[in-house]
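The values are calculated or read from the model by the stated rules, or taken from the named source; none is laboratory data. Everything numeric in this text was worked out from a predicted model, so none of it was measured. Positions of Cβ are backbone-derived with ideal geometry, glycine not excepted, and every protein chain shown enters the neighbour counts. In case anyone asks, the SASA skips ligands and DNA or RNA and just uses the protein heavy atoms, side chains included. Shrake-Rupley method; radii C 1.70, N 1.55, O 1.52, S 1.80 Å.
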Amino acid sequence: MLTSLASHQRAPVVLTGDRPTGPLHLGHLVGSLRTRLQLQEEARQFVLIADLQALTDNADDPAKVARNVMEVAFDYLAVGIDPEKSVIALQSYIPSLCELTTYLLNLVTVARLERNPTVKEEIRERGYERNIPAGFLVYPISQVADITAFKADLVPVGEDQLPMIEQTNEVVRRFNRIYESNTLKEVQAVVPKVARLPGVDGKSKMGKSLGNAVALSASPDEIHRAVERMYTDPGHLRIEDPGRVEGNVVFTYLDAFEDDEALLEELKENYRRGGLSDSMLKTMLDDRIQAVLGPIRERREEIAKDPGYVRKILREGTARAREVADATLREVRAVIGLEVLDGDTL
Ligand code: TRP
C-alpha cells in the first residue's frame, strides 16, 4: 500500500491512539482507522487508548473517560482492528510512558508548546483563555512519549495531528543530539486522501463535543438525519442552477465514501453545470454511509455483549505494549546516564 514501506528493512512499527472521550465517529474512520486496517496487514501496529491524554481536559469527569475506554475498544474491534494483528493497549497502565514524558518535557519550551496550532485551536474551543490546565498544554509531549516509546516509524493520523508529528521529530532530534544517541526515532505521518472530514454542519472539524459528528454506532435514522442536515452550496437553490463542489460538504463526504471515482467526477461535472439536485446527492451519500456503518454497527452490538472478552484483549495488549515501552525506557535512562544505583561501581 505504501511506497515508503519498501525502504524499511524490517516490518515498520506503527503507533496511533485515540482519546476515549466519546464513541469514535466518521472523522476517525476516514482520518485514521481505515489506514490502520491496511497497516495491520504489513506492519507491527500498536493502538493506544489514550486515557491519560483524555484526562488532561476532563480532570473533573474521570468517569466519562473510564466509560469510554470500553466504547473505543468496541469501536476498534467493530471496524476490524484485529487483536491478532494489532496490539491494543491502555495508556494509563503503562507507567513508563509517564516517565518518558517527564524526561522529554525538559526538551521543549513553554513558548513552543503555546505555538502548537492544534492545541491553540483546542484552547480556543474550550474557552480556557489563560486558565489552561498545565497537563493540557503539555499533552503533545505525552504524545511524543507514546510515539517514541514504541520506536514508531509511522503514525496514521488525520490532518489535525500533523503539528504533533512535527513536534515529535523536533523533540527526537533534540534528545538524540543532547544525549548523543540514536535511541529515539523520527516518525512519518500517514495521511489519507481525504485527511479531514468536516462536521455535518460544514464547520472545519468533526467532533463529538462540537455536536456535528456521526458516531460509528449511529442508527440508520441518525445517519439519515445527519445527511439531511448536511451543508451544501447555499447558492444552489434550483436544480438547474450551477453549483459549487469545493467546500460542499456532501461532495467531501462522497470523496471519502464513494469508491467509483469516474462516477464521482461525472457527478461533480453535472453539479457544476447545473441540473443535479442536492437531494439526489444526499440519497446517494446516505446509501453509502449506511452500507459502511451497517456491518460495523452489527459487529459492535455483538462485541458489546461480551465486555469480559474485550477487557481480556486490552489486558493482553497492554502487557505486550508495556514490555516494549519499558525496554525503551531502560535505554533512555542509560543514555541520559541515570543509572547511579545500577551495577557495582559505586
Ligand atoms: N491526540 C490524538 C487524538 O486526539 C490521540 C493520541 C494519543 C495519539 N496518543 C497518540 C495519536 C499517539 C497518534 C499517536 O486523537
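A few remarks follow.
- Remark: segment 187-346 carries a charge dipole of roughly 520 debye about the Cα centre, counting +1 on each Lys and Arg Cβ and -1 on each Asp and Glu Cβ.
- Farthest positive-ward along the chain dipole, Cα basis, beta-carbon charges - from 317, 239, 143: 143
- Options 31, 92, 52, ranked by Cα towards positive dipole end of segment 1-113, top entry (Cβ charges): 31
- Note, ³J(HN,Hα) from phi for segment 112-126, Karplus 6.51, -1.76, 1.60, rounded to Hz, x at Gly and Pro: 5, 4, 6, 8, 4, x, 5, 5, 4, 5, 5, 4, 5, 4, 8
- Accessible area expressed per residue, segment 164-253, with surrounding protein chains retained (probe 1.4 Å, Å²): 52 Å²
- Share of carbon and sulfur in the accessible heavy-atom surface of the chain [1.4 Å probe, %]: 51 percent
- Crossing angle, helix 62-79 versus the chain [Cα axis fit, 0-90 degrees, rounded to tens]: 70 degrees
- Excluding ligands, DNA and RNA, the accessible surface per residue across segment 80-155 is 43 Å² with a 1.4 Å probe.
- Only Lys, Arg, Asp and Glu carry charge here, each on its Cβ (+1 for the first two, -1 for the last two); on that basis segment 56-96 has a dipole of about 100 debye about its Cα centre.
- Unsatisfied cross-links (Cα-Cα over 25 Å) in the set 205/268; 193/305; 64/208; 64/312; 64/205; 208/312: 193/305; 208/312
- The angle between the Cα long axis of helix 95-105 and the main principal axis of the chain comes to about 90°, on a 0 to 90 degree scale.
- Computed magnitude of the charge dipole of the chain (debye, nearest 20; Cβ of K, R +1, Cβ of D, E -1): 600 debye
- Rounded if a/c under 1.5, otherwise prolate or oblate - segment 262-328, Cα gyration tensor axes: oblate
- Mean sequence separation of contacting Cα pairs (under 8 Å, at least six apart), scaled by the length of the chain, corresponds to a relative contact order of 22 percent.
- Ordered from largest to smallest accessible area (heavy atoms of protein chains, 1.4 Å probe), the residues 340, 144 come out as 340, 144.
- Leading residue at positive end of dipole, the chain (Cβ point charges), from 332, 128, 212: 332
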